[in-house]
Amino acid sequence: MSKPTKRIAVTGGAGQIAYSLLFRLASGEALGHDQPIALHILEVPSMERALEGVKMELEDGAFSLLTEIRIGSDPYQIFKNVELALLVGAKPRGPGMERKDLLAENGKIFIEQGKALNEVAHSDVKVIVVGNPCNTNCLIAMHHAPRIPRQHFHAMTRLDQNRACFQLAHRAEVSLSEVTQMAIWGNHSSTQVPDYVNAKIRGRPAMECIRDHTWLEGEFIRLVQNRGAEIIAARGKSSAGSAANAVIDAIKSLFQPTPAGQWFSSAICTDRNPYGLPEDLIFSFPCRSIGDGLYEIVPGLIWNDFLRAKIEVTLNELLEEKAIIEKEVIKR
Ligand code: NAX
């Protein structure tokens, strides 16, 4: 007997990330090739025609697992009964726009979507925010969805983890599967902290395999922190294929038990975190899943002085972002 259909919401459905993500979801890559899914796709009204085109292409993909496609611009309709919500849609930073303006603009979107999820989503819904600034957008949505457990909210730092793994594997001349325990701490921004100190290569500390610690402290961190900007400079557009791939990886990591000796990165609520960070932030930690979206933060990792200083910078940035939006957005 086939499994019951899982309803997945994707916002920003006519955007570039969604154009790659939707087809991979439909093919069963994220939740398994025996899991029927329904896609509930949200866009702004002005993009609904383009979204109709995406829907037609999904139909033409003849995906046997895709049992239903709903499209629309009302989150209260689209989020009905969804068990997984991928909040990809957001406004890009316009010319002359400051970070503060972007936070406020996107804040409005995530207030509305948080409220809609709270009202109509499945009670066990898991939420992954991709739209930037994703940590703070996620914090806003979480605040407006008090019915949904706070542990169910994630902001995506998986792309950063994947970027870091590639750079370490490349430098150490090993295959990607030999790089494990690569954590990203903090904000999905240029202050993020790719943790080479606790990462492993062939089961040994990465710092033993890569002897050039100046490279690890300098170029490696800079490469990962600035990769998004480099891609925009080269491609003229932000990362889309790799971002969609990271969403698929993030879902798989969350819904499948994490293999022994591994962990994955996700930005989650800091409430009762084992590292003594202030509560009520969305901060990226190394996590382990026991399956079905249930996870714990990996405790007890060592922060050397270098990591500690960097983590303080990314923490301060998140506190600043929260302070900017707190009055108008969180408490509204
Ligand atoms: P696009 O501009 O191609 O697509 C975004 C889509 O969202 C547009 O079609 C827009 O109409 C729609 N949208 C805007 N407001 C909406 C709303 N209220 N409800 C539903 N849809 C809405 O951007 P794309 O390249 O797809 O990127 C999407 C977001 O991902 C951006 O905010 C981007 O900065 C962010 N990213 C996050 C990454 C991460 O690792 N967390 C990496 C990639 C990407 O930069």
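The values are calculated or read from the model by the stated rules, or taken from the named source; none is laboratory data. Bear in mind that the values here come from a model prediction, so they are computed numbers and not experimental data. Every residue, glycine among them, receives a Cβ derived from its backbone with ideal geometry; neighbour counts consider all protein chains shown. The area values use the complete protein model at the heavy-atom level, side chains included, leaving out ligands, DNA and RNA. Shrake-Rupley method; radii C 1.70, N 1.55, O 1.52, S 1.80 Å.
What GluC sites (Glu not before Pro) in the range 265-329 are in a loop by DSSP, with at most 12 other Cβ atoms within 10 Å of the Cβ? If you can, show how the numbers build up before the last one.
Working: sites: 279, 296, 312, 317, 320, 321, 326, 328; in loops: 279.
Here the GluC sites (Glu not before Pro) that fit, given the DSSP loop and packing criteria, are 279.
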Mean separation of Cα contacts under 8 Å, 6 or more apart, over the residue count of the chain: relative contact order %:
17 percent
The chain, helix-only ellipticity at 222 nm - DSSP H runs n ≥ 4, -39,500 (n - 2.57), divided by all residues, nearest 500
-12000 deg cm²/dmol
Extended-chain gain in nm, criterion 0.36 nm per residue less alpha-carbon gap, residue 147 and residue 272:
43.1 nm
Per residue, accessible area of the chain with a 1.4 Å probe, heavy atoms of protein chains only, in Å², comes to 44 Å²
Reported to the nearest 10 Å², residue 115 has, with a 1.4 Å probe, an accessible area equal to 90 Å²
Debye, to nearest 20: dipole size of the chain, +1 on Lys, Arg Cβ, -1 on Asp, Glu Cβ
80 debye
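Mind scanning 6/91; 100/200; 91/252; 252/327 and naming the pairs with a C-alpha gap bigger than 30 Å? Don't jump to the answer; show the numbers that get you there.
Working: 6/91 28 Å; 100/200 38 Å; 91/252 27 Å; 252/327 36 Å.
Checking Cα-Cα distances, 100/200; 252/327 exceed 30 Å.
Quantify, in whole percent, the carbon and sulfur part of the accessible surface of the chain (1.4 Å probe; protein heavy atoms only).
Working: 7460 of 14560 Å².
Answer for the chain is 51 percent, counting heavy atoms of protein chains only.
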Taking a label point 7 Å from the Cα of residue 105 along the Cα→Cβ vector, which residues of the range 299-330 have an amide N closer than 20 Å to it?
321-330
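From Cα pairs below 8 angstrom and at least 6 apart in sequence, can you work out the relative contact order of the range 198-332, rounded to a whole percent? Don't skip to the end; give the middle numbers.
Numbers: 116 pairs, mean separation 21.2, N = 135.
Across the range 198-332, relative contact order equals 16 percent.
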Longest to shortest principal axis, alpha-carbon extents of the range 133-181, angstrom
47, 19, 9
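How much length, in nm to one decimal, is gained on full extension between residue 260 and residue 27, taken as 0.36 nm per residue of separation minus their Cα-Cα distance?
On the way: separation 233, 0.36 × 233 = 83.88 nm, distance 2.76 nm.
Length gained, residue 260 through residue 27: 81.1 nm.
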